[in-house]
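To start, the structure under review is shown below, and the notes come after it.
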Amino acid sequence: MNDEPLVRWDWILRNWDNGSPSAIKTLLENHVVMAFLPVVFGLLIALPLGLACMRWRWLYQPTAGLMNVTYSLPSLVLFSIFLSVTGLSQSTVILPLTFFTLAVLIPAVVDGLTSVPDHVRQSAVAMGFRPLRRLLQVELPVAVPVVLAGLRVATVSSISLVSVGALIGQGGLGNLFIDGWQRQFYTPIVVGIALIVLLAVLSDGLLVLAQRLLTPWSRARRTA
């Protein structure tokens, strides 16, 4: 391994899309699926659950407590638990990561809705906004920065945790780490790290852009 260069570009070119399940492109595609589906599922569940916690305040503490306990468990432990149910499939990684995402997003949704000033709600009521319209046109837009901050954390965490799934054969780009370590070969490890970091940076940048587009009033306030 010491005689090898840090990166062998010829190996990358040969293995980028060689038609095998271990091709870099295939591993990247699998990584994207296993990283982003938990975030999508988590957001779809966290929004109504967060609203329920706002409606029935007693529900928030047990829900947050359960999610915190889940989040404190090592990801490999959850992967192993689901392995007996879902087998060697992407679901074994996607389902645990959905729970991790919920642990971040439920508090973000609740905190975001809590951050809406009372006078804003009262103004909406005075203007004749019904609860659903007030939620969609007033409360959720104001809560967007807090919710998206949680979404950024959940997304980056999900992208990094997928690689742990390589220990059960479903790790996307994490499989490159195992391959490089087993063969004492640097290039797959460097490629895996570089692609995971790039994926995380691009995803975070897109979410920052989404926040700017969804909250145009914040830009106007900064330029005023």
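The values are calculated or read from the model by the stated rules, or taken from the named source; none is laboratory data. Not measured: the values here are computed from a predicted model. With ideal geometry, Cβ positions are generated from the backbone for all residues, glycine too; neighbour counts draw on all protein chains shown. Heads up: the accessible areas ignore ligands, DNA and RNA and are worked out on the full protein's heavy atoms, side chains in. Shrake-Rupley method; radii C 1.70, N 1.55, O 1.52, S 1.80 Å.
Some observations on this one:
- Across the chain, C-alpha contacts under 8 Å between residues 6 or more apart give a mean separation that, scaled by the residue count, equals a relative contact order of 26 percent.
- Cα-centre dipole for the chain with unit charges at Cβ (Lys and Arg positive, Asp and Glu negative), debye to 20: 1040 debye
- Positive dipole terminus of the chain, leading residue within MET34, GLY180, LEU207 (C-beta point charges): LEU207
- For region 46-191, with all protein chains in place and a probe radius of 1.4 Å, 67% of the accessible heavy-atom surface sits on carbon or sulfur.
- For the chain, modelled as a GNM whose springs connect Cα atoms under 10 angstrom apart, the maximal fluctuation among LEU209, LEU199, LEU161 occurs at LEU209.
- Kyte-Doolittle at least -0.5, axis length at least 27 Å by Cα - qualifying DSSP helices, the chain: 24-55, 91-114, 140-161, 186-214
- Qualifying chymotrypsin sites (Phe, Trp or Tyr not before Pro) for region 20-100 [loop in DSSP, other Cβ within 10 Å: at most 12]: TRP56
- Taken as Cα centroids, region 118-139 and region 63-94 sit 39 Å apart, rounded to the nearest whole angstrom.
- Residues of the chain: accessible area per residue with a 1.4 Å probe, Å²: 55 Å²
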